[in-house]
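Structure first, then comments.
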Amino acid sequence: MKKTLGKSGLKEINEEISRQFSIPDFFDKKDIVALDDFGYAKNGVRIFFRIQEYLVPSLRHLLTNQFLKHVHVDSGAVKFIVSGADVMRPGVTFIDPAITQGDVIAVLDATHKKPLAVGIALFSAPDMTALPKGKVVKTIHYVGDKYWAEK
């Protein structure tokens, strides 16, 4: 079922985006924003999904508008991340210092800075930095998953 959002619906989603990502007025009142079983589309292009309790930006959108806090992974980790693996500390080459535990963050490849996945930070940036090994990001959306295919 697809539903176009009116003024109050746009206000609600903008407030949620502002709370979660600190971006005020993400959707403009001129945008045509539709809600369906997968999430939100702006002018026919998928922008956000609901995964578990999280509002998650699509990787396709992040390719042109990367606004999430992020970590970078080395080339050895890329093939695992794009297959849906969680992010392990040894493969991380950069950690955004603003990351807090529970944030929805992007996982970027270190070379090209392209988004490979979206995940949940399991630790804050200082704690993540201090870890020598272990899982640091739980992947919830990655290249090739069912959300990637959904336009």
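The values are calculated or read from the model by the stated rules, or taken from the named source; none is laboratory data. Here the structure is a predicted model, which is why all the values come from computation and not from measurement. Here Cβ is always computed from backbone atoms with ideal geometry, including for glycine, and neighbour counts include all displayed protein chains. For the accessible areas, the whole protein counts, side chains as well, though only heavy atoms, and no ligand, DNA or RNA atoms are used. Shrake-Rupley method; radii C 1.70, N 1.55, O 1.52, S 1.80 Å.
May I ask you to list the residues in segment 56-82 that are hydroxyl-bearing (Ser, Thr, Tyr) and within 16 Å of Trp148 (Cα to Cα)? Reasoning before the result, please.
Applying the first criterion (hydroxyl-bearing (Ser, Thr, Tyr)) to segment 56-82 yields 58, 64, 75.
Ser58, Thr64 - these are the residues of segment 56-82 that are hydroxyl-bearing (Ser, Thr, Tyr) and within 16 Å of Trp148 (Cα to Cα).
If I filter segment 67-76 for residues that are modelled with pLDDT of 90 or more, part of a helix (DSSP H, G or I) and either closer than 16 Å to Thr139 by Cα or among the polar types (S, T, N, Q) (or both), do I get at least one hit? Yes, segment 67-76 contains at least one residue that is modelled with pLDDT of 90 or more, part of a helix (DSSP H, G or I) and either closer than 16 Å to Thr139 by Cα or among the polar types (S, T, N, Q) (or both). For segment 89-130, give me each residue that is hydroxyl-bearing (Ser, Thr, Tyr) and more than 17 Å from the chain's Cα centre (by Cα). Scanning segment 89-130 gives Thr93, Thr111, Thr129. If you go through segment 10-28 and keep only what is open to solvent by less than 50 Å² (accessible area, probe 1.4 Å) and under 17 Å from Gln66 (Cα atoms), you end up with Ile17, Ser18, Phe21, Ile23, Phe26, Phe27.
Of the residues making up segment 42-80, those that are in contact with a Lys or Arg (Cβ under 8 Å, 6 or more places away or on another chain) and open to solvent by less than 10 Å² (accessible area, probe 1.4 Å) are Val56, Ser58.
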